[in-house]
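So the structure is just underneath, and the comments pick up after that.
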Amino acid sequence: MNLMPELRLHRPETLDEAVRLKATLSGARFVAGGTDLLVNLRRGLGEPADLIDLGGVADLGSVRRVEGALWLGAGVTLDDLARHPEVLADYPAVAQATLQVAGPNHRAAATLGGNLCQDTRCVFFNQSDWWRKGNGYCLKYKGDKCHVVVKSDRCYATYHGDIAPVLMVLGAEAVIATQGAARRAKVAELYREDGAAHLALAPGEALAAVVLPPAHGWRAGYAKVRVRDAVDFPLVGIAAALRRDGDRIGELRVAVSGTNSAPLVVPTAEFAGRAWDDSAASDLVAVLSKTGNPLKTTVVGAKYRRRVMRATARQLVDRLWNEAAQADRAARA
């Protein structure tokens with residue numbers, strides 16, 4: 001680890017002041033818990049002249065109900081999010097995914113906004129400065145080629161967040177603040193498929209909150225495959241939400257993380273009205289294989305990650321389908 005680079009630290013008290021600073025200070029970065037950013041800076045992965053500390057913006061740490069929807073402030077810590085009674089009662093899949101992020105010490109400091117906006121990762125990028133220099137750096141930082149796909153003109157570093165895919169399948173929206181205004185967008189619209197520039201936020205924008213719509217009738221879950229069953233990022237993360245209509249699928253949503261430069265929603269409209277059986281499972285695996293694209297961005301081989309991606313998705317939907325059937329029987333009893 002390197003020493004932290006010299007920088008100026010700004011501590012705004014309002015979100016409007018924070019986005020104004022971000023818009024006017026070239027290359028400035030937001031910091032909250034710092035569990036992703038500060039580690040990268042100490043590896044020499046960036047040298048911003050300014051950090052904008054969001055810890056003093058009180059409104060970012062709130063969780064509140066607004067017309068039936070649950071608003072999660074971007075500054076809510078992952079520890080608080082996983083234990084919040086309304087999250088546990090109405091959106092248990094969010095708590096389930098949150099508890100799979102890193103370890104308890106990380107979750108006590110890390111925030112929802114920081115987790116959603118975390119940097120992409122790659123075995124050729126997340127290394128010491130001397131290692132990267134010896135390998136010619138890479139397209140993501142200081143270099144001119146991607147070591148994963150050598151002839152590519154874009155970076156293939158991978159997004160490995162656990163919470164974003166769950167929010168996607170639950171139909172959540174992001175509240176994005178600018179000076180004196182805010183806009184809402186689907187969580188998936190925060191991202192683009194470019195490992196070096198995966199966030200679609202403008203310099204004068206900040207993620208302020210996430211809005212979860214009412215979850216009535218949905219059964220959702222998250223499954224993660226990783227090297228160690230603590231701390232590690234997902235080799236593959238699958239989120240799914242299922243609404244059952246008798247013995248048929250009313251609606252199915254699936255999202256994948258850890259395979260591409262952005263968390264992606266899998267096209268699943270074709271499954272509405274079908275039974276969940278071997279044929280549907282095979283079709284889901286085929287669609288997922290066209291969406292998720294694991295490459296050599298981790299120390300674990302891409303072939304293995306593709307296999308577990310397919311198997312994990314099927315197992316998760318199997319579980320949700322059976323849980324929904326049990327809930328239906330219990331409601332009729």
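The values are calculated or read from the model by the stated rules, or taken from the named source; none is laboratory data. As the structure is a computational prediction, the values presented were derived from the model and not from experiment. Every residue, glycine as well, gets a Cβ built from its backbone with ideal geometry; the counts of neighbours run over all protein chains shown. Keep in mind that these areas ignore ligands, DNA and RNA; they rest on the heavy atoms of the full protein, side chains included. Shrake-Rupley method; radii C 1.70, N 1.55, O 1.52, S 1.80 Å.
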Q | Meets criteria (of a type outside the set (Ser, Thr, Tyr), over 30 Å from Gly143 (Cβ atoms) and modelled with pLDDT under 95) for Glu86 | A | no
**Q.** Subset of the stretch 206-234 that is outside any strand (DSSP E or B) and among the charged types (D, E, K, R) - its residue that is modelled with the lowest pLDDT
**A.** Asp229
Q: Could you identify the single residue in Arg219, Arg226, Arg183 that is basic (Lys, Arg), touching a residue at least 60 places away in the same chain (Cβ under 8 Å) and on the phi < 0 side of the Ramachandran plot?
A: Arg219
Q) Between a first residue in the stretch 32-50 that is open to solvent by 40 Å² or more (accessible area, probe 1.4 Å) and a second residue that is assigned to a helix (DSSP H, G or I), which pairs have beta carbons less than 6 Å apart while being 6 or more apart in sequence or on different chains? A) Ala32/Leu54; Ala32/Gly114; Thr35/His106; Thr35/Ala109
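Filter the stretch 4-35 down to residues that are outside any helix (DSSP H, G or I) and aliphatic (A, V, I, L, M) and give me whichever is modelled with the lowest pLDDT.
Going residue by residue through the stretch 4-35, those that are outside any helix (DSSP H, G or I) are 4-14, 25-35.
Next, from what is left, pick out any that are aliphatic (A, V, I, L, M): 4, 7, 9, 25, 28, 31-32.
On the way: Met4: 84, Leu7: 93, Leu9: 97, Leu25: 96, Ala28: 96, Val31: 97, Ala32: 96.
This residue is Met4.
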Q | Every residue from the stretch 63-74 that is under 20 Å from the mean Cα position of the chain (by Cα) and open to solvent by 30 Å² or more (accessible area, probe 1.4 Å) | A | Val63, Trp71
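Check the stretch 156-178 and report whether any residue there is open to solvent by 40 Å² or more (accessible area, probe 1.4 Å), touching a Lys or Arg at 6+ places or on another chain (Cβ under 6 Å), within 20 Å of Leu81 (Cα to Cα) and charged (D, E, K, R). Before you say what the answer is, go through the steps one by one.
Here is the first cut: in the stretch 156-178, the residues open to solvent by 40 Å² or more (accessible area, probe 1.4 Å) are 156, 173, 178.
Next cut, touching a Lys or Arg at 6+ places or on another chain (Cβ under 6 Å) only: 173.
Of the ones still in play, those that are also within 20 Å of Leu81 (Cα to Cα) are 173.
Among the residues that remain, those that are also charged (D, E, K, R) are: 173.
Yes.
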